[in-house]
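J.: Before I ask anything, here is the structure I am working with.
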Amino acid sequence: MVEDDTRGRTARRIVTVLAIAAVLPALYVKGKHDFFDLKIYMAAMDWWAMGNPLYDYVQPDRVQGELYFTYPPFGALLLSPFALLRLGATVTIFTVLTVLAVVVTTRWLVDPVIARHNLPRIFTLAVAVLLVLAVESTRETITFGQINMLLVVLILADLLFAVPHNGRWAGVGVGLATALKLYPGIFIVYLLACRKWRAAAVASATAAGATLLAAVVLPLESWRYWTHELWATDRVGRTDYTGNQSLLGLIHRLTVPQEPDRLLWLALVVVVAGYGLWRAARAARAGDALTGLTLTGLVGSLISPITWPHHIYWFVPAVVVLVDAALAASPGSRRRRLWLLAAGVTVIVVYGVVTFQKWGTAPVPTDTVAEFVDRNVYVLLGLVLLAALPIRGKPIQSDTLHEAPTGR
């Protein structure tokens with residue numbers, strides 16, 4: 001009888017994994033972007049290799065008008081070897097690295113939850129990886145050909161392992177990520193808020209060192225980027241477009257065709273950043289490194305002038321935190337139902353509310369409450385999570401922690 005129960009449980013798990021895997025291709029076909037961003041990067045590298053100024057590269061676009069190469073010089077330095085490869089080879093490399101990054105980071109996030117709550121390890125990891133591959137931020141990263149998941153690896157390795165253990169390399173990952181793409185710099189501010197002075201100094205020095213290295217190798221490009229292109233926000237894209245899920249995007253969608261009130265935006269940035277980093281530092285002091293870095297990632301997404309869906313990986317660890325908190329609560333309790341509801345709503349929202357909408361290309365103001373929610377759903381979800389994401393004790397004690405584990 002026990003053997004039959006084990007076989008039946010195993011069969012159900014296999015069916016579940018296969019069912020989720022079967023849905024993935026449909027999601028990717030629906031949100032297909034044909035490696036649009038990667039093609040721009042590679043075209044810019046080809047243009048640059050032919051002796052043209054890198055930051056003069058421009059490509060017409062029906063939505064944004066014109067698209068430019070916007071990475072810092074250090075990012076250009078690392079991308080330049082790919083100009084020697086065929087586009088198909090570059091696409092394969094970026095896709096494989098992104099999928100590997102999803103597998104590795106998901107394991108980092110989920111393994112502690114599995115251990116705390118005696119969950120079946122292989123089944124839980126398989127389901128988690130498939131679900132993360134289905135999330136909009138991952139689909140957009142893969143189908144646009146972005147490097148976001150590689151930055152996530154650097155940030156998580158640093159803030160989940162090196163920094164909490166005061167490792168020799170604490171801060172290096174965040175510093176490298178910041179040199180590659182500026183938005184991870186918010187995690188240096190987080191280290192300062194947590195009074196991790198050494199890690200913050202190492203991160204700053206690493207970012208500065210990588211930037212200086214690029215300046216030595218690429219002096220003209222570096223001078224132009226840091227004195228001009230960095231401040232030309234119109235190069236990144238239209239802030240009013242629905243895909244821009246930031247506070248500035250929310251404000252601009254209310255005022256278009258007029259420009260948004262920059263003082264109002266800056267005031268909101270100060271409030272959101274101050275509150276979010278305060279909660280993040282509280283989480284870090286409580287020993288909850290995952291909640292701390294998740295809150296910081298959400299802050300960065302909200303206050304950045306431009307935040308495309310593929311930038312908002314931070315909903316993934318938020319769901320892990322919510323599920324962990326729910327499993328730690330007493331079965332049937334109001335707290336467990338609340339956290340499970342929060343996790344469920346977050347999961348539903350992040351599976352494609354923005355990608356699967358057809359907003360067109362014209363600047364259109366937000367006229368109704370329903371439109372306001374729909375067009376700003378990631379911004380609103382980020383604000384709610386900033387206030388509601390639980391700060392967990394260390395370690396969370398589940399009511400079932402000491403029970404005999406079910407079959408793995």
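J.: Place +1 on the Cβ of every Lys and Arg and -1 on the Cβ of every Asp and Glu in the chain, take the dipole about the Cα centre, and give the residue among Ala157, Tyr41, Val269 whose Cα lies farthest towards its positive end.
T.: Of Ala157, Tyr41, Val269, it is Ala157.
J.: Pick from Pro219, Pro60, Pro317: which is most flexible by mean-square fluctuation in a GNM of the chain where alpha carbon atoms under 10 Å apart are linked?
T.: It is Pro60.
J.: Going by average Cβ neighbours within 10 Å, how do the peptides 323-332, 124-133, 362-371 rank, with the highest at the top?
T.: Final packing ranking: 124-133, 323-332, 362-371.
J.: Here's something else I'd like to know. Specify which residue in the list Val172, Gly88, Pro184 is farthest towards the positive end of the charge dipole of the range 86-198, using unit charges on the beta carbon of Lys, Arg (+1) and Asp, Glu (-1), about the Cα centre.
T.: In the range 86-198, that residue is Val172.
J.: Work out which helices of the chain, taken as complete DSSP H runs, extend at least 18 Å along their axis over the Cα atoms and score a mean Kyte-Doolittle of 0.5 or more, then list them.
T.: 87-117, 121-134, 197-217, 262-285, 289-303, 315-328, 334-349
J.: Along the positive direction of the dipole of the chain (beta-carbon charges: Lys, Arg +1; Asp, Glu -1; about the Cα centre), which of Leu67, Ala128, Ala370 reaches farthest?
T.: Ala128
J.: So for the chain, if I pair up every lysine 8 or more residues apart or on another chain, how many of those pairs have alpha-carbons under 19 Å apart?
T.: So the count works out to 4.
J.: Continuing with this model, one more query. To the nearest 20 debye, what charge dipole does the chain have about its Cα centre, counting +1 at the Cβ of each Lys and Arg and -1 at the Cβ of each Asp and Glu?
T.: 1220 debye
No lab work stands behind these numbers, since they all come straight from the coordinates. As the structure is a computational prediction, the values presented were derived from the model and not from experiment. Here Cβ is always computed from backbone atoms with ideal geometry, including for glycine, and neighbour counts include all displayed protein chains.
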